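The values are calculated or read from the model by the stated rules, or taken from the named source; none is laboratory data. In this text the structure is predicted, and so the values were computed from the model without any measurement. Cβ placement follows ideal geometry from the backbone for every residue including glycine, while neighbour counts extend to all protein chains displayed. To get the accessible areas, we keep the full protein, side chains included, count just its heavy atoms, and leave off ligands, DNA and RNA. Shrake-Rupley method; radii C 1.70, N 1.55, O 1.52, S 1.80 Å.
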Amino acid sequence: MAIREIIILPDKQLRLVSKPIEKVTPEIRKLADDMFETMYDAPGIGLAAIQVAQPLRLITMDLAKKNDEGEVDSKPRVFINPEIISSSEETSVYEEGCLSIPEYYEEVERPAKVRIRFIDLDGKLHEENAEGIYATCIQHEIDHLNGVLFVDYLSKLKRDRVLKKFTKAAKRTEE
Ligand code: NI
């Protein structure tokens, strides 16, 4: 496993539409392993392949929670070619962040429940319901596969402000 570099706003690759994965090859497994290592290191709860500059429809997620004994209950999950089949009219609001927009958090309103379809690393097809933080996280990550970022849901004023901040920071790094 290896930690890969996470691309940051305003990197244009974040706007790419990622391609479906035709077959789960050893390269795809390696990419998923690297994405977990990168995600845990960051640390974050979800990562889309495009965030490590691979425009493929692959997501890693771990909504680990600390249990009463303070131990982390780790649940690593991989979603290949995930799709939202249906969304609830009911919405919920969570404060979101993104490893490609570091240290920036804002509340986003999204459907509270979604039904998703995806394949796993064994190529097996799954359908399941997501709600709570899981629903928000999977929607956020699927957005990445379509070149959409959570800041796109904010007011133009807020979005322009964060874009400007990260564009300036990127210029400073270049100099
Ligand atoms: Ni993100």
Exercise. Which lysines does LYS164 reach when only Cα atoms under 17 Å apart count, and residues fewer than 8 places away in its own chain are ignored?
Worked result: LYS12, LYS156
Problem set entry | Residues with amide H under 5 Å from that of ALA53, placed H, sequence gap 5 or more | ILE7
Problem set entry | Positive minus negative residues near ASP34 (Lys, Arg vs Asp, Glu; Cβ under 11 Å) | -2
Exercise. Under 16 Å from the Cα of LYS124, which lysines turn up, not counting those fewer than eight places away in the same chain?
Worked result: LYS23
Exercise. In square angstrom, rounded to the nearest 10, how much accessible surface does GLU174 have for a 1.4 Å probe?
Worked result: 150
Seminar exercise, completed: Expected field for TYR104, accessible surface area in Å² at 1.4 Å probe radius, rounded to 10, holds 40
Exercise. Which whole-Hz couplings ³J(HN,Hα) result when phi for each residue of the stretch 125-136 is put into the Karplus expression 6.51 cos²θ - 1.76 cosθ + 1.60, θ = phi - 60°, listed in order with x for Gly and Pro?
Worked result: 7, 10, 10, 7, 9, 10, 9, x, 5, 4, 4, 5
Seminar exercise, completed: Residue-normalised value, i.e. accessible area per residue, for the chain at 1.4 Å probe, in Å², stands at 58
Exercise. GLU96's amide H: which non-local residues (gap 5+, or another chain) put their own amide H closer than 5 Å, with H modeled 1.01 Å from N in plane and none for Pro or chain starts?
Worked result: GLU106, GLU107, VAL108
For this session: Could you go through the stretch 40-55 in sequence order and give the Karplus-derived ³J(HN,Hα) for each residue, using 6.51 cos²θ - 1.76 cosθ + 1.60 with θ = phi - 60°, rounded to whole Hz, and x for Gly and Pro?
Result: 5, 5, 4, x, x, 9, x, 8, 9, 3, 4, 6, 10, 6, 10, x
Problem set entry | Distance in nm between pseudo-label sites at ALA53 and TYR105 (7 Å out along the Cβ direction from Cα) | 3.0
Seminar exercise, completed: Taking Cα pairs closer than 8 Å and at least 6 residues apart, the relative contact order of the stretch 43-175 in percent is 20
Problem set entry | For the chain, share of DSSP beta bridges that run antiparallel, in % to the nearest 5 | 95
